[in-house]
Amino acid sequence: MRQKIYRKMSVMRPVVSNSKPLIHLAKIGLLNLLKDQFEEITIPDAVWHETVVEGADNNDAELIRSADWIHVQKVVPSPLLNTLMLDLDPGEAETIALAAEINAQKILLDETKARKIANGLNLNTIGTIGILLKGLQDNKIFH
């Protein structure tokens, strides 16, 4: 009798980003570190609006807009989102709510208050400095 052999396929969970890591990395010409480290980034509407629409006059907005590996996803209204909106700006609130909703692998946040809330929800946070340190470790940043 033949046995079927099943191979476990690795499916990467999404990575969700707030605006600050995108903006900071774009400003210093290292936005592609995110693609190198995570392949794809998911952002909520509020982050797209903040980085690309409101920042339309900035070069970093164009870099973010043209990155085909950054995807925008609508956040489903929820009690969590409503609660987050009481203490955080719309981008931070939507980023955390989306990360929780889609069971994100990581959430990219720089703001201390938002990171504390995300960590309290058992979300795995990393900030711009962590991305830069990983890039240095991987020799993606040349010194």
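Read-outs throughout are calculated quantities, based only on the coordinates presented, and are distinct from any laboratory measurement. Just so we're clear, the structure is a prediction, and the values are computed from it rather than from any experiment. Positions of Cβ are backbone-derived with ideal geometry, glycine not excepted, and every protein chain shown enters the neighbour counts.
Pull out a ≥ b ≥ c, the square roots of the eigenvalues of the alpha-carbon gyration tensor of segment 1-118, then state rounded if a/c is under 1.5, prolate if not and a/b is larger than b/c, and oblate in the remaining case. In terms of gyration-tensor shape, oblate. Could you compute the FRET efficiency for LYS116 and GLU54, with r as their C-beta to C-beta distance and R0 at 22 Å, rounded to 0.05? Rounded to the nearest 0.05, the efficiency is 0.30. Lysine pairs in the chain whose alpha-carbon atoms fall under 24 angstrom of each other, counting only those eight or more residues apart or on distinct chains, come to 25.
Our helix-only sum for the chain, with -39,500 (n - 2.57) per DSSP H run of n ≥ 4 divided by its residues, gives a mean residue ellipticity at 222 nm of -13000 deg cm²/dmol. The listed peptides 128-135, 92-99, ordered by packing as a protection proxy, come out as 92-99, 128-135 (highest mean of other Cβ atoms within 10 Å first).
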